[in-house]
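I have placed the structure first, in the form of structure tokens, so that the comments after it can refer back to it.
No value in this document is a laboratory result; all are computed from the given coordinates. Predicted, not measured: the structure shown is a model, and the values here were computed from it. We place every Cβ from the backbone using ideal geometry, glycine too, and count neighbours over all the protein chains shown.
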């Protein structure tokens, strides 16, 4: 009986020592939507250590999830990484930029995955947020449902549902802002 208790206590002590410390980044982006990917690539390109976390299994959000034929109106206002995305699409289909307004989902996702690799952005897929710990004004750490944790100087919520901001208790509103409310 005593050997059994000693074994149980030993296992519990060892498991508490094996718990991994939170990983630390300059910027953590929650949501691998197209906006999340471009934010990650831009931040990493500027020298930040970046982690992109996606609760699902895919990268690119609606742009790579079937809504890839986009209505962009005036093409002259498209620049930066968005324009580079369209350039990559054109290269893949061997046509001019903007001829093909949206790639097949797997092509768009591969373009974004290639960017993340090129810019050395760490990517965690299948990580759902369980809680966000914050100081008075700043998110300090997020904890995922699998128990893993991450700390950062800056957190960005690039998901469609605002899960990170909700877990952090950030106030929000919905609908259109009225001019009488915000002058």
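Below is a table of values for the structure above.
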| read-out | value |
| --- | --- |
| Principal axes of the chain: Cα extent on each, largest first, Å | 75, 49, 30 |
| Separation of alpha-carbon centers, the range 52-123 and the range 134-183, rounded to whole Å | 25 Å |
| Percent of beta bridges antiparallel (DSSP, the chain, rounded to nearest 5) | 35 percent |
| Fewest-first sequence of 109, 133, 177 by Cβ atoms within 10 Å of each Cβ | 177, 133, 109 |
| Length-normalised contact order of the chain in % [C-alpha pairs under 8 Å, at least 6 apart] | 28 percent |
